[in-house]
Amino acid sequence: MAILASLQLFFVAVPFSLQVLWREIKLNSIENKFVALIVAGEASGDLHGAGLVHELKRLAPEAEIFGIGGDGMKAAGMDLLFHIRDMAVIGFTEVLRHLRFFRRVMRTLEDEAARRRPAVVVLIDYPGFNLRFAARLRARYEKPPKILYYIAPQVWAWGAKRIPKIARLVDQMAVVFPFEVPLFQSAGIPTEFVGHPLLEELRPKLNTGEFFARHQIAATRPLLGLLPGSRRQELERLLPDMMATAQLLRQTIPDLQIAVAMAPTLPEAFYRTLIKNDGIHLVANATYEVMRDSSACLVCSGTATLETACFETPLAVVYRVSRLSYEIGKRVVKLPYIGLVNVVAGRQIVPEFIQHDFVPERVAPILAKLIKDDEYRTEVQSALAEVRTKLGTPGASWRAAGLALQLCEREDMQEREPATIG
């Protein structure tokens, strides 16, 4: 992890003018319009993908964009073939149970790619599926579409030995952490640090007063924010013990208020089946407000830990998967911690409770310290502020869109034809 701690890279603007570049792009000779296939498989991917689709549409209003995403990407103008709510499966054993569905998704994407002939394919995170899809595209086409990977597979977590495979599949990397640049460039992959898209997405809709009033939260009492993830399996494994932790914390902080940030992909009724306590604020469409206005947060490992860090709200990270998935993961993951906030910091700045370590009796005292110990709280907030500076500057979607268009400039689309299969 020395590379994480030592590299202090900041954003350097992508050196081209998008408006000039767009006028020079060779358009698809059959449709006479720019066609892109984008694949995102999770809520965070939809959030980041929505910004990308928006920027592509702004630069090329007639563009045809299709693929896998969520409500955000659809609203931005993408034709959804599958919704992320159907793709959100975690863990090795869970994926095995859904293999038939994923094979159907893969075949549909391939067939649609052959029919619509995209100039570029943009893969957003979701490496288990996306790298396989990239390999199938390479096998099917003699001259495959250009492939841009936006938000790179976390090879720094599960082993750099997979980078050569990625190099054979991907034409360009658009990475969101500065320490990723040398990892991929060393394998010969053109790589740009575009900044992290969450910096342009962290826009709460309500100010603090409006948020508290709408959800009947008292401004004078401490608030614990619970962010249990966006997938059913995550909630089933995490939310009950999150609630138990909050109830224990109330023994130390009797006036504690509890807010659960609900994912837009899951209905409120599902949350109700997992919450047995009274007086819980279920918050819809205000996740950033929960992050910003809580005294402390208990957060499912993932992008949400970085988002919470950007608001400088003290947090603890939790995660849990099936037993088999955990045993396999222990042998694959190469880091001493999994929370992105700690990975970006290059050291553990917030506590993590993973798998069997996630026990309410262990977590509650840590949260109490984050809320009540002013010196410790200030120390954590200072470290969180440093994490934000390492994420670059806003504009990642614009830069990623530029790279997608730039890739199209690099090849003559008239030469691309599907290869004969079988």
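The values are calculated or read from the model by the stated rules, or taken from the named source; none is laboratory data. These numbers come from a predicted model, not from an experiment. Positions of Cβ are backbone-derived with ideal geometry, glycine not excepted, and every protein chain shown enters the neighbour counts.
Just a few scattered comments:
- Matching option when the condition is under 20 Å from Val176 (Cα atoms), modelled with pLDDT under 85 and buried (at least 19 other Cβ atoms within 10 Å of the Cβ), among Ala50, Ala5, Ala43, Ala13: Ala43
- Met73 being at pLDDT 95 or above and crowded, with 20+ Cβ neighbours inside 10 Å: yes
- Verdict on Ile253 being of a type in the set (Val, Ile, Thr) and touching a residue at least 40 places away in the same chain (Cβ under 8 Å): yes
- Taken together, Phe82, Phe102 contain a single residue that is in the same structural domain as Val176 (by TED's automatic domain parsing), under 20 Å from Arg231 (Cβ atoms) and modelled with pLDDT under 90, which is Phe102.
- For region 157-182, the set of residues classified as under 24 Å from Pro394 (Cβ atoms) and touching a residue at least 40 places away in the same chain (Cβ under 8 Å) consists of Gln172, Ala174, Val176, Phe177, Pro178, Phe179, Val181, Pro182, listed by residue number.
- Some residue of region 109-124 being surrounded by 16 or more Cβ atoms within 10 Å (Cβ to Cβ) and free of Cβ contacts under 8 Å to residues at least 60 places away in the same chain: yes
Listed here are the residues, each with its yes/no results for (1) out of contact with any strand residue (DSSP E or B) (no Cβ under 7 Å at 6 or more places or on another chain); (2) under 24 Å from Asp241 (Cβ atoms); (3) free of Cβ contacts under 8 Å to residues at least 40 places away in the same chain.
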{"position": "Val321", "(1), (2), (3)": "yes, yes, no"}
{"position": "Glu327", "(1), (2), (3)": "yes, yes, yes"}
{"position": "Gly346", "(1), (2), (3)": "yes, no, no"}
{"position": "Asp357", "(1), (2), (3)": "yes, yes, yes"}
{"position": "Asp374", "(1), (2), (3)": "yes, no, yes"}
{"position": "Arg377", "(1), (2), (3)": "yes, yes, no"}
{"position": "Gln381", "(1), (2), (3)": "yes, no, no"}
{"position": "Glu386", "(1), (2), (3)": "yes, no, no"}
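Residue-wise test of (1) outside the structural domain of Leu266 (by TED's automatic domain parsing); (2) of a type outside the set (D, E, K, R).
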| position | (1), (2) |
| --- | --- |
| Glu192 | yes, no |
| Thr220 | no, yes |
| Leu227 | no, yes |
| Arg250 | no, no |
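- Criterion: outside any strand (DSSP E or B), over 21 Å from Leu199 (Cβ atoms) and either assigned by TED's automatic domain parsing to the domain that holds Ile366 or without any contact (Cβ under 8 Å) to a residue 40 or more places away in the chain (or both) - qualifying residue of Asn277, Asn285: Asn277
- Residues in region 110-148 that are over 20 Å from Leu403 (Cβ atoms), aromatic (Phe, Trp, Tyr) and assigned to a helix (DSSP H, G or I): Phe129 alone.
- All positions within region 70-88 that are closer than 15 Å to Leu52 by Cβ, assigned to a loop (DSSP other than H, G, I, E, B) and aliphatic (A, V, I, L, M): Met78
- Total residues in region 244-261 satisfying the condition of being of a type in the set (A, V, I, L, M), crowded, with 20+ Cβ neighbours inside 10 Å and assigned to a helix (DSSP H, G or I): the figure is 2.
- Test: residue in region 343-352 that is modelled with pLDDT of 95 or more and basic (Lys, Arg): no
- Contact annotation: residue pairs with Cβ atoms under 7 Å, 6 or more positions apart or on different chains, pairing a residue in region 199-213 that is over 23 Å from Thr303 (Cα atoms) and in the same structural domain as Ala309 (by TED's automatic domain parsing) with a partner that is surrounded by fewer than 17 Cβ atoms within 10 Å (Cβ to Cβ) and at pLDDT 95 or above, are Phe212/Ala219.
- So Thr287, is it of a type outside the set (A, V, I, L, M), over 21 Å from Ser382 (Cα atoms) and within 17 Å of the chain's Cα centre (by Cα): yes
- Single residue of region 262-297 satisfying the filter (polar (S, T, N, Q) and in contact with a strand residue (DSSP E or B) (Cβ under 9 Å, 6 or more places away or on another chain)) that is surrounded by the most Cβ atoms within 10 Å (Cβ to Cβ): Ser294
- Pairs where the first residue, in region 392-405, is among the polar types (S, T, N, Q) and surrounded by fewer than 24 Cβ atoms within 10 Å (Cβ to Cβ) and the second is modelled with pLDDT under 95 and assigned to a helix (DSSP H, G or I), C-beta under 7 Å, 6+ apart: Thr393/Leu199
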